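Input: a single structure, listed below in structure tokens.
The values are calculated or read from the model by the stated rules, or taken from the named source; none is laboratory data. This structure is a prediction, so every number in the text was calculated from the model and none was measured. Glycine gets a Cβ as well: all are built from the backbone with ideal geometry, and neighbour counts include every protein chain shown.
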């Protein structure tokens, strides 16, 4: 009987949850849900010096203009190449015509 009583006391002492229930001890609250107070938000000192954001429409229009300029540049290059090739063809034709008539 003494041994059984010792085993029960030892097992109850080793289990903290049973020990806390028997002694009536409440669990300690942790700071898990504690909300820390922070300083209020303030504007930076040089806020007025910052540039204002541009509208997306304005930047989209600029992109369209840039694309049109690029397309225009490529079209001009193609026109120049076609005029050069046509002038070289006309030169060849002129030379061939002169050779065949001689």
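For residue 93, indicate whether it is surrounded by 10 or more Cβ atoms within 10 Å (Cβ to Cβ) and modelled with pLDDT under 70. Criteria not met by residue 93.
Consider residue 35 carefully, then state whether it is assigned to a loop (DSSP other than H, G, I, E, B) and either surrounded by 10 or more Cβ atoms within 10 Å (Cβ to Cβ) or at pLDDT 70 or above (or both). Considered against the rule, which asks whether it is assigned to a loop (DSSP other than H, G, I, E, B) and either surrounded by 10 or more Cβ atoms within 10 Å (Cβ to Cβ) or at pLDDT 70 or above (or both), residue 35 comes out as yes.
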